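In what follows, a single structure is set out as structure tokens and then discussed.
The values are calculated or read from the model by the stated rules, or taken from the named source; none is laboratory data. No experiment lies behind these values; they were computed from the predicted model shown. So basically every Cβ, Gly included, is an ideal-geometry build from the backbone, and we count neighbours across all protein chains shown. Calculation scope for accessible area: heavy atoms of the full protein, side chains included, ligands and nucleic acids excluded. Shrake-Rupley method; radii C 1.70, N 1.55, O 1.52, S 1.80 Å.
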Amino acid sequence: MSHTENDLRELLTGRAGEQEGAAARLDTIIGRGRRIRRTRRALTAGAAALAVTAVALTGVQLRPGEAPVAQRPVDSAQVEPPGPEIPEKFEVRLGAERFDLGLIHSERFETMGARSVTFTPTSTSTGYRVVCDDPGAWVVTVLRLKGGEPGGSAARCGNVPGGHHDERSAPADWLERPHSMQVWVFPADAPVRKVAEEVTGCRPIGKGRDCDGPAQLRALMNPEVRERLLAEVGDRTGRWAVAIYDRPAAPGTPTG
């Protein structure tokens, strides 16, 4: 139960005749009550301010000495590296002639398997290169040659598989439209020998023995071997990239 100031005044006035000095203490008691009320109001206002501050800080959880999230440095261990490095130039050697081709197109992949890379050449001197995170991966490339015949190569990725067109090997329409190169990348432990022996018998080359390395590479140029091998290993995780190199486009040559 609460009492107003008037209630206290009437009570004390009524008892003033009963006790000596009661009236004299009336103003003192009332003043003390006023001070108590002011103190309570101040405490209530302070508690409200603390509550607002607590709401503003909700969700910002900091340990002692820890910087806010926006100021924390990025953890380099959690940043995924970009994959194998793609060289900016491709060196061409034609007898005594040597020159570099510049990078005009590149594509990166996160899984092994069969891919098609489309590009627009800028000259009849076009080179390409495949790079892999795993240098032991098997790589096969197939590109159309002059006369429409397919040409290409097979190698371990660490052996820098690549190739180069010039005016003698480039198809007649080389500069007239975009072209595509087919690339197969198989894991280093792919059963190349097993599949090659089942499909082609994998005869040795020259004086080689059984289904040796060169024989396996030759077998990979067989479309049936690649299809059977791809069916066995599937698209396994493994990062690699294809880079296309060429000379600067001649004036008036369309690009895209």
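Structure above, values below:
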item	result
The stretch 196-218 residues that are touching a residue at least 60 places away in the same chain (Cβ under 8 Å) and farther than 18 Å from GLU232 by Cβ, paired with ones that are outside any helix (DSSP H, G or I) and not small (Gly, Ala, Ser) (beta carbon under 8 Å, 6 or more apart)	ARG218/ILE205
Members of the stretch 224-241 found to be within 16 Å of VAL139 (Cβ to Cβ) and touching a helix residue (DSSP H, G or I) at 6+ places or on another chain (Cβ under 9 Å), listed by number	VAL225, ARG226, LEU229, TRP240
Residue ID - modelled with the lowest pLDDT, chosen from residues in the stretch 135-165 that are out of contact with any helix residue (DSSP H, G or I) (no Cβ under 7 Å at 6 or more places or on another chain) and small (Gly, Ala, Ser)	GLY147
Residue in the stretch 84-113 that is modelled with the lowest pLDDT, counting only those that are in a strand (DSSP E or B), aliphatic (A, V, I, L, M) and surrounded by 15 or more Cβ atoms within 10 Å (Cβ to Cβ)	VAL92
Failed item, numbered, when ARG203 is tested on (1) at pLDDT 90 or above; (2) assigned to a loop (DSSP other than H, G, I, E, B); (3) surrounded by fewer than 19 Cβ atoms within 10 Å (Cβ to Cβ)	(1)
Set ASP210, ASP235, ASP189: member being at pLDDT 95 or above, open to solvent by 60 Å² or more (accessible area, probe 1.4 Å), among the charged types (D, E, K, R) and assigned to a loop (DSSP other than H, G, I, E, B)	ASP189
Tally of residues being surrounded by fewer than 19 Cβ atoms within 10 Å (Cβ to Cβ) and part of a helix (DSSP H, G or I) across the stretch 217-232	8
Counted residues, the stretch 195-210 - those being under 17 Å from PRO223 (Cα atoms) and of a type in the set (Asp, Glu)	2
Out of PRO81, PRO68, sole residue that is over 30 Å from SER180 (Cβ atoms) and either among the acidic types (Asp, Glu) or at pLDDT below 80 (or both)	PRO68
Scan of the stretch 238-249 for residues that are within 27 Å of THR124 (Cα to Cα) and either of a type in the set (Gly, Ala, Ser) or open to solvent by 70 Å² or more (accessible area, probe 1.4 Å) (or both), ordered by number	ALA241, ALA243, ARG247, PRO248, ALA249
Residues that are surrounded by 20 or more Cβ atoms within 10 Å (Cβ to Cβ) and touching a Pro at 6+ places or on another chain (Cβ under 6 Å), drawn from the stretch 145-177	CYS157
Output for the stretch 121-138, where each listed residue is open to solvent by less than 30 Å² (accessible area, probe 1.4 Å) and either in contact (Cβ under 8 Å) with a residue 60 or more places away in the chain or among the acidic types (Asp, Glu) (or both)	PRO121, THR122, SER123, SER125, THR126, GLY127, TYR128, VAL130, VAL131, CYS132, ALA137, TRP138
